[in-house]
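Worksheet: one structure, shown below.
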Amino acid sequence: MLQVLAELIHSKEKRERSLNPSLEWAALDEGDLQKAFPFWAPVDIRRVQSSLLNLGLIAVDPSVDSSASFYAVVDPGDITEDNRVTRLQSVPSQESAQPREATAMPSSGNASLIAPNWQPSLDWIKKCKQHSIPEEFVHALVPEFVSYWRDRGQARFSWGNAFYKHVLKEWRNEQTRKGAFELATEMSAQWRPSEDAAGILEISGINSSFIEDAIPEFVLYWRERGMVNGAWNTKFIEHIRRQWAKFSASFGYDDTPKAISANWQPSSDCFEILQLAEIDEDYARSKIPEFVMYWKDSQQVKSSWNTVFLQFIKQDWARQLKQSEGADIGYAENQSLVGSSQQRVKERFQRIADRSWAE
């Protein structure tokens with residue numbers, strides 16, 4: 001938001017405001033903000049804007065004449081004694097034991113050295129917890145952070161922001177170290193899949209007894225190979241899914257979608273169903289090559305080709321019957337027309353050829 005606001009203000013007409021004449025102000029309304037941040041809802045725009053205000057990185061001066069407000073980006077180096085942005089914190093008495101940021105931005109507006117008793121504010125801790133970082137991990141990094149920057153003797157405008165970035169970096173390193181440790185662990189005789197792995201398999205419709213029975217075989221397989229690879233839960237899930245597919249196929253109820261084979265033939269059950277529907281078996285068999293060729297060219301996969309074949313034959317048989325009935329009706333009508341026409345011609349000929357008057 002800070003970067004986009006800076007670009008918007010740069011492209012707009014600059015104004016001066018009594019709130020801080022040294023800043024470059026530009027008028028922006030809600031439409032401008034929504035257009036600049038289409039991926040955020042209005043409530044999110046206000047939330048992030050409030051965060052930037054609290055950090056002293058932007059200034060907002062509402063206009064009394066219109067719905068627009070005046071925005072300016074605050075450069076920490078430009079903050080002076082007269083217009084510096086300060087932030088007051090109020091901590092409830094029951095939270096007095098919680099650490100607070102001991103240092104604030106100095107009144108001179110310059111960067112400051114870190115204090116020996118520096119502690120991150122509650123807001124910075126909350127930002128760390130938004131990344132699922134445990135609070136104990138955050139507090140454990142404070143002494144090392146303070147000691148490092150006091151030894152270097154560098155000054156900063158916001159030690160809270162520097163600490164926040166440091167915590168994110170250390171947390172990523174910690175996660176990487178945990179992953180490396182996991183990859184370095186060997187399979188043990190007591191290994192069991194995690195609850196999450198078992199839950200994923202059960203949600204997929206795999207019997208819990210089948211999962212339990214497969215654990216000893218899985219452990220023995222990997223222990224004999226002595227492989228050092230810690231993604232055991234992932235390997236176990238893949239192994240169980242393959243075994244379950246084979247088990248299901250062996251009992252004839254494999255519902256895994258497959259492409260049709262070149263030599264596919266419908267099962268005997270199909271022809272029994274077609275016989276009940278009074279559909280000629282020879283007719284159904286004559287349609288098999290056409291059916292196979294069509295679905296091989298389409299390269300689609302189906303769970304049951306028998307079901308698709310039944311639907312195809314029934315529809316095609318109904319279409320044939322309809323065309324046959326239409327042809328019979330048309331033939332009968334044509335015959336009727338031809339018969340009546342011949343009768344009229346015969347009667348007319350008889351009238352012309354009548355010679356009774358001459359007798």
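The values are calculated or read from the model by the stated rules, or taken from the named source; none is laboratory data. Just so it is clear, the model here is predicted, and its values are computed rather than measured. Heads up, the Cβs are rebuilt from the backbone with ideal geometry, glycines too, and the neighbour counts pull from every protein chain shown.
Restricting attention to the stretch 12-34 and to residues that are polar (S, T, N, Q) and touching a residue at least 12 places away in the same chain (Cβ under 8 Å), the residue that is surrounded by the most Cβ atoms within 10 Å (Cβ to Cβ) turns out to be 20. Just one of 74, 142, 60, 43 is among the β-branched types (Val, Ile, Thr) and modelled with pLDDT of 90 or more; which is it? Going through 74, 142, 60, 43 in turn, just one is among the β-branched types (Val, Ile, Thr) and modelled with pLDDT of 90 or more: 142. Look at the stretch 199-213: where a residue is within 15 Å of residue 242 (Cβ to Cβ) and assigned to a helix (DSSP H, G or I) and a partner is basic (Lys, Arg) and at pLDDT 85 or above, sitting 6+ places away or on another chain with Cβ atoms under 8 Å, you get 201/241. Here residue 154 fulfils each of the conditions (1) at pLDDT 70 or above; (2) farther than 28 Å from residue 52 by Cβ apart from (2). Each residue in the stretch 52-78 was checked for being exposed (fewer than 15 other Cβ atoms within 10 Å of the Cβ) and within 16 Å of residue 158 (Cβ to Cβ), and 4 of them qualify. Taking the criterion of being exposed (fewer than 14 other Cβ atoms within 10 Å of the Cβ), at pLDDT 75 or above and among the β-branched types (Val, Ile, Thr), the only residue of the stretch 211-245 that qualifies is 234.
Residue 164 satisfies every condition listed in (1) under 27 Å from the mean Cα position of the chain (by Cα); (2) at pLDDT 85 or above except (1).
Could you tell me whether any residue of the stretch 246-253 is among the basic types (Lys, Arg) and at pLDDT 80 or above? Among the residues of the stretch 246-253, not one is among the basic types (Lys, Arg) and at pLDDT 80 or above, which makes the answer no.
I'd like the full set of residues that are among the polar types (S, T, N, Q) and over 17 Å from residue 68 (Cβ atoms), limited to the stretch 1-56.
Narrowing the stretch 1-56 to residues among the polar types (S, T, N, Q): 3, 11, 18, 20, 22, 34, 49-51, 54.
3, 20, 22, 50, 51, 54, listed by residue number.
The C-beta contact set for the stretch 304-324 (first residue assigned by TED's automatic domain parsing to the domain that holds residue 277, second residue of a type in the set (Lys, Arg), distance under 6 angstrom, 6+ apart or interchain) comprises 308/302.
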